[in-house]
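The values are calculated or read from the model by the stated rules, or taken from the named source; none is laboratory data. Predicted model only: the values in this text are computed from it and were never measured. Neighbour counts are summed over all protein chains in view; Cβ atoms, including those assigned to glycine, are modelled from backbone coordinates with ideal geometry. Quick note on the areas: whole protein, heavy atoms, side chains included, nothing else; ligands and nucleic acids left out. Shrake-Rupley method; radii C 1.70, N 1.55, O 1.52, S 1.80 Å.
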Amino acid sequence: MGKTELMCDCDFIHEEHVIKAKKNMLDDDKLLVLADFYKALSDSTRIKIINALKECELCVCDIAVILNITKSAVSHQLKYLREMDIVKSKKVGKEVIYSLNDDHVRQIFEISSKHMRECHHED
């Protein structure tokens, strides 16, 4: 026995709702950029990096130790996150220090984490 699907079996269009939804839709170019942003968050290593960086600025070596992966693997993921404007870097002497690009990234991570905990009844 299969899962029951909920389907709308009516011919009535809620015109006011349709107009409101269409009016507030992002254009295709913006939706593609947004999809790319979420794609960047779809990798567990990148999520771990964001999780670490939400606490403080870190260099590649710090992140490698925290995640227990190679500096090369960290650098590869940081390059991708930089290209997506999710993290930023600054040179301090010979070190390159990474941080989240802005507070929006932190908020998205925290809201997503809260959603996950509530949906899965975790604390």
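Could you pull out every one of the lysines with an alpha carbon less than 26 Å from that of K22, ignoring same-chain neighbours closer than 8 positions?
K30, K39
Among 46-58, 89-101, 21-33, 66-78, what's the highest-first ranking by average C-beta atoms within 10 angstrom per residue?
46-58, 66-78, 89-101, 21-33
Rounded, prolate or oblate: which fits the chain, taking a ≥ b ≥ c as square roots of the Cα gyration tensor eigenvalues, rounded meaning a/c under 1.5, else prolate when a/b beats b/c?
It comes out prolate by the Cα gyration axes.
Projected onto the charge dipole of the chain (+1 at Lys/Arg Cβ, -1 at Asp/Glu Cβ, origin at the Cα centre), which of I13, I50, H76 gives the Cα projection farthest towards the positive end?
It is H76, whose Cα lies furthest towards the positive end.
Give the lysines whose C-alpha is closer than 19 Å to that of K114, dropping any in the same chain fewer than 8 places away, or say none.
K48, K54
Helix-derived [θ] at 222 nm for the chain: sum -39500 (n - 2.57) over DSSP H runs of at least 4, divide by residue count, nearest 500?
Per the formula, -17500 deg cm²/dmol.
With all protein chains present, how much of the accessible area of the chain (probe radius 1.4 Å) comes from carbon and sulfur, to the nearest whole percent?
The C+S portion of the solvent-accessible surface of the chain is 55 percent.
May I ask you to derive the relative contact order of the chain, considering only C-alpha pairs under 8 Å and at least 6 residues apart, and to give it as an integer percent?
20 percent
When the dipole is taken about the Cα centre of segment 25-123, and only Lys, Arg (+1) and Asp, Glu (-1) are charged at their Cβ, what size is it in debye, to the nearest 20?
Its charge dipole is roughly 500 debye.
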